[in-house]
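The values are calculated or read from the model by the stated rules, or taken from the named source; none is laboratory data. Remember, predicted model here, so these are calculated numbers, not experimental data. Cβ placement follows ideal geometry from the backbone for every residue including glycine, while neighbour counts extend to all protein chains displayed. These accessible areas exclude ligands, DNA and RNA; they are computed on the full protein's heavy atoms, side chains included. Shrake-Rupley method; radii C 1.70, N 1.55, O 1.52, S 1.80 Å.
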Amino acid sequence: MELVPTACPSRGRHVRINGLLEQAWRRGWLSRPVLEPDHLVATARARTGLQDLGSGPGWRDRLERLTEALHAQAALSPLGTVIAYGQLVSALADRARVHALWRRHPEILEQPIAQPIIVLGQMRSGSTRMQRLLACDPGFAHTRFFESWNPVPIQRRNWLDDRRVRAWIGLRCAQWLNPEFRVVHPTGLTQPDEEIGLHNVSVFGAAFEAQWRIPSFAAAGERMDTRAVYAEFRRLLQTVAWLRKDRSARPWVLKLPQFSQDLDSLLAAFPDARLVCLDRPAGALVASSASLAHGQMTVQSDAVDRRWIGAEWLRKVALRQQRMTEARARADVPQVDVGFHAMNQDWEGEMRRVYAMLGLPLTEAVRGRMARYLAQPRHKRLAGHRYTLADFGLSEGQVQRAMNAATAPVPPRRVRAVA
């Protein structure tokens, strides 16, 4: 199968930036970023003036694996090196800040996170749509974009939240470097967004895998016991809630594709969770996921292999489907299944089913807010995301065979609604 190259509208921009960076490094105008664990940690400590980054949950080992993979496998361009360095130093600096905050305010760990609503679905399964529809309900809490990527402020001032400034800069840079990002994942500073930045603080998860070719790091993450990561994830979420001064017991709507891979560990951290489980045909999941990863990788590498991306995300989707199916069968928590196409055909009917599982009415006021969200031009941009399996050297037959091999029959699960 011959692959037809896809155009990258910002390719010329990347070439110019890479050339300027190489020139600046060669002439000594700028220092070349050093992607080594000791250097990254030292830089984070110097930036924050804090020494303690915490002893768990295995973040240092993952940092070493990640930097090894970046050197050996990712083929980073100069721009990719700068982006990787900035992301890792920022994550480690946030790690130092949050540990200092926990020492000063141990009451943070008493912040209630009761009966969270977990939007459980693969990447590109419609999970953002579901999360943002649920976020239309003021009876639920949700994580905002700036809180996910910057969970703790550098300095706490009543008149300025520097997390918003940092998130605004990061989002604008991402959209300038990759204009397709506005179409693939339309978002805004205070929009409901996934908690992917909280995993970055633990040097864990798919934010790294979707940007860089780092199969050894991905494989290690798939083998590891993730319970300690999700215990820390809960503490980070409590920190976000505490910083809001929100002492209510509103259920939190959580959404992250990584959850489908680690559902057992997630439920160990949130045993009273309720699951809204999304499904979409596997071919579309794989093609859309591969397209998103390809768009991010082309910003940071000049050696992006679309066949490898296709094969990797086919493997990843099959693995996550298998783990999610098995974990759901073991879980004694309220669950409801929602299909991607069913949402397209009758979103209101599907949302009433979700609310029935939660034991709540879908009020006319909330339904109206949901309808207005779906009518927004920002949401409708998603229809402009174009992708095919053939773009990544795959066929529907290959996808179906992989999914059949990964998904073994499991015993029937017991589904209960909220009392």
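Summary of computed values
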item	result
Chymotrypsin sites (Phe, Trp or Tyr not before Pro) restricted to DSSP loop in the stretch 141-207 with at most 13 other C-beta within 10 Å	Trp159
Accessible surface of the chain [probe 1.4 Å, protein heavy atoms]: carbon and sulfur percent	54 percent
Per residue convex hull volume, Cα atoms of the chain, in Å³	148 Å³
Under 20 Å from the Leu319 label point (7 Å along Cα→beta-carbon), backbone N, the stretch 46-88	58-75
Vicinal HN-Hα couplings computed from phi for the stretch 357-366 (Karplus, 6.51 cos²θ - 1.76 cosθ + 1.60; Hz; Gly/Pro x)	4, 6, x, 10, x, 8, 6, 5, 5, 5
The chain: antiparallel DSSP beta bridges as a percent of all, rounded to 5	20 percent
Dipole moment magnitude, nearest 20 debye, the chain about Cα centre, only Lys, Arg, Asp, Glu C-beta charged	940 debye
Phi-based couplings in Hz for the stretch 220-226 (Karplus 6.51, -1.76, 1.60; Gly and Pro marked x)	5, x, 6, 8, 6, 7, 9
The chain: calculated mean residue ellipticity at 222 nm from DSSP helix runs of at least 4, using -39500 (n - 2.57)	-17000 deg cm²/dmol
The chain, accessible area per residue, ligands and nucleic acids excluded (1.4 Å, Å²)	43 Å²
Cα-centre dipole for the stretch 259-407 with unit charges at Cβ (Lys and Arg positive, Asp and Glu negative), debye to 20	360 debye
